[in-house]
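Below: the structure, in structure tokens.
The values are calculated or read from the model by the stated rules, or taken from the named source; none is laboratory data. Only a predicted model underlies this, so the values are computations on that prediction, with no experimental measurement involved. Glycine also receives a Cβ, built like all others from the backbone with ideal geometry; neighbour counts cover every protein chain displayed. For accessibility, only protein heavy atoms count, side chains too; no ligands or nucleic acids. Shrake-Rupley method; radii C 1.70, N 1.55, O 1.52, S 1.80 Å.
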Amino acid sequence: RVDLVESGGGSVQAGGSLRLSCTASGVTYCMSWFRQAPGKEREGVAGIDYSGNTNYADSVRGRFTVSQDNAKLTLYLQMNSLKPEDTAMYYCAAARGTTCSSPRWLLSEVSYSYWGQGTQVTVSL
């Protein structure tokens, strides 16, 4: 079992920035950020495997950057040029298997067994 704790959410104006953090209680092979807005399905936002391979949703590529500190067991999401469409609950997820590292699986919810509680991001005009 892996416990995940997110932090860094908040309210910002369009064009602003936020940095989310997620600290795990144990080593995992892949970690990823997901988000869910009211009335919409949960979507993968940005994921990274232990070696540093990444994948991004098209809607955030170029604006968001996912990174990790393996020694600290911490995942980050730097969110720049935020838009109202980015408003959502953001969740950190982790997997211990190795198949998650394939790009098609890195942002797939089914790859992940461990989930954080979520942190709210609200972007206003």
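In the chain, the calculated helix contribution to ellipticity at 222 nm averages -500 deg cm²/dmol per residue, counting -39,500 (n - 2.57) for every DSSP H run with n ≥ 4. Considering only PRO103, PRO84, PRO38, the Gaussian network model of the chain with Cα springs below 10 Å gives its largest mean-square fluctuation to PRO38. Other residues within the sphere of radius under 14 Å centred on the Cβ of VAL12, judged by their own Cβ, net out at +1 (K and R +1, D and E -1).
For the residues VAL12, VAL27, a 1.4 Å probe over the protein chains yields an accessible-area ranking, largest first, of VAL27, VAL12.
In terms of overall dimensions, the C-alpha atoms belonging to the chain reach 40, 26, 25 Å along their principal axes, ordered largest to smallest.
At a probe radius of 1.4 angstrom, the accessible area of the chain per residue rounds to 51 square angstrom. Per-residue extension of 0.36 nm, minus the Cα-Cα distance of THR98 and SER113, leaves a gain of 4.1 nm for this segment. Directionally averaged projected area (segment 60-125, Cα convex hull): 5.3 nm². Using Cβ point charges alone (K and R +1, D and E -1), the dipole size of segment 22-87 about the Cα centre works out to roughly 100 debye.
For segment 6-68, trypsin sites (Lys or Arg not before Pro) meeting the loop criterion (DSSP other than H, G, I, E, B) and having at most 12 other Cβ atoms within 10 Å: LYS40.
The calculated FRET efficiency for ARG63 paired with THR122, based on their beta-carbon distance and R0 = 25 Å, is about 0.90. What separates the Cα centres of segment 19-34 and segment 78-125 is a distance of 10 Å.
Taking every DSSP beta bridge that has both residues in the chain, what percent is antiparallel when rounded to the nearest 5? That works out to approximately 90 percent antiparallel. Structural descriptor for the chain: relative contact order 36 percent, calculated from alpha carbon pairs under 8 angstrom and at least 6 residues apart. Its Cα centre serving as origin, the chain has a Cβ charge dipole (Lys and Arg +1, Asp and Glu -1) of approximately 60 debye.
A simple count of charges around GLU43, restricted to other residues whose Cβ falls under 12 Å of its Cβ and scoring Lys, Arg +1 and Asp, Glu -1, yields -2. For the chain, the share of accessible area belonging to carbon and sulfur comes to 46 percent (1.4 Å probe, ligands and nucleic acids excluded).
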